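Asker: One structure coming up, written as structure tokens, with questions to follow.
The values are calculated or read from the model by the stated rules, or taken from the named source; none is laboratory data. This one's a predicted model, so the numbers in the text were calculated from it and none came from an experiment. No Cβ is skipped: glycine too gets one built from the backbone with ideal geometry, and neighbour counts run over all protein chains shown.
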Amino acid sequence: MRLVKTAVSASIVLFFLLGISAHAADVAKIGVVDFLKILETSNAGKAGQAEIKKQADKMKADLEKKGAEIEELKKKIEKDVMVGNKEMREEKEREAQIKYMDFKNLEKKYSSELQKIQTDSIVRIQKEVNTIADEIGKKEGYLLIIEKREAGVFYAPASVDITEKLIQQYNAKAAPKAGK
């Protein structure tokens, strides 16, 4: 009987000691990063957006110029219909059609180039952000740092969002590169 009481007492003491030590253990640090916010507010993200806009404006101006040339040619054809012969009109119409097809091909090419520039910019920034997130995770003892996406994180308290810290470090690292 005495042995049973001792075993039960020892079990209770062990239960409380293990319970206390489990609560005293460090809580796992988890961080959440909003990559879209980094793209919109970091210096590198803003520079990437500016470059994309610059290229898009340049391409748009070129397309508008080519479009105006096609419109001018169409007007000339309409004007020459009354005066010119049939062969001359057909030649001008073929020329206009060729210019229009060239215009459409150029439009597709520019769209593809712009998409590539945008993708390259995002991939570059994502690699740099991943490196900085890795450094923060190791330095500050995070167990996990995840990206906040519409389909991935339904809820995360603001206290685990390290986006601003990451942006500050990213801007600080990018500043020396911009000065070179």
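Asker: Go through (1) surrounded by 10 or more Cβ atoms within 10 Å (Cβ to Cβ); (2) within 30 Å of Phe154 (Cα to Cα); (3) without any contact (Cβ under 8 Å) to a residue 40 or more places away in the chain for Lys37 and report which single condition fails.
Answerer: Of (1) surrounded by 10 or more Cβ atoms within 10 Å (Cβ to Cβ); (2) within 30 Å of Phe154 (Cα to Cα); (3) without any contact (Cβ under 8 Å) to a residue 40 or more places away in the chain, only one is false for Lys37: (3).
Asker: Mind listing whichever residues of region 48-85 are surrounded by 14 or more Cβ atoms within 10 Å (Cβ to Cβ), among the hydrophobic types (A, V, I, L, M, F, W, C) and free of Cβ contacts under 8 Å to residues at least 40 places away in the same chain?
Answerer: Of everything in region 48-85, those that are surrounded by 14 or more Cβ atoms within 10 Å (Cβ to Cβ), among the hydrophobic types (A, V, I, L, M, F, W, C) and free of Cβ contacts under 8 Å to residues at least 40 places away in the same chain turn out to be Ile70, Leu73, Ile77.
Asker: If only one of Ile162, Ile98, Ile146, Ile136 is farther than 30 Å from Ala28 by Cα and of a type in the set (Val, Ile, Thr), which one is it?
Answerer: Being farther than 30 Å from Ala28 by Cα and of a type in the set (Val, Ile, Thr) holds for just one of Ile162, Ile98, Ile146, Ile136, which is Ile98.
Asker: Step by step: first the residues of region 121-162, then only those that are modelled with pLDDT of 90 or more and in contact with a Ser or Thr (Cβ under 9 Å, 6 or more places away or on another chain), then the one that is surrounded by the fewest Cβ atoms within 10 Å (Cβ to Cβ). Which residue is that?
Answerer: This residue is Ile125.
Asker: Restricted to region 115-134, and to residues that are in contact (Cβ under 8 Å) with a residue 24 or more places away in the chain and over 14 Å from the mean Cα position of the chain (by Cα), which residue is farthest from Lys54 (Cα to Cα)?
Answerer: In this case the residue turns out to be Ala133.
Asker: Do you know which residues across region 91-146 are among the aromatic types (Phe, Trp, Tyr) and either assigned to a loop (DSSP other than H, G, I, E, B) or over 30 Å from Lys74 (Cα atoms) (or both)?
Answerer: The answer is Tyr142, and nothing else.
Asker: Give the residue that is modelled with the lowest pLDDT, with candidates limited to residues of region 2-37 that are of a type in the set (Lys, Arg) and in a helix (DSSP H, G or I).
Answerer: Selected residue: Lys5.
Asker: Taking the condition of being farther than 11 Å from Ser42 by Cβ and either in a helix (DSSP H, G or I) or not acidic (Asp, Glu) (or both), how many residues in region 153-174 meet it?
Answerer: Of the residues in region 153-174, 10 are farther than 11 Å from Ser42 by Cβ and either in a helix (DSSP H, G or I) or not acidic (Asp, Glu) (or both).
Asker: Something else about it: Out of all the residues in region 38-54, is one or more modelled with pLDDT of 80 or more and hydroxyl-bearing (Ser, Thr, Tyr)?
Answerer: yes
Asker: If you go through region 116-150 one residue at a time, how many are of a type in the set (A, V, I, L, M, F, W, C) and farther than 16 Å from Ala172 by Cβ?
Answerer: So the answer is 7.
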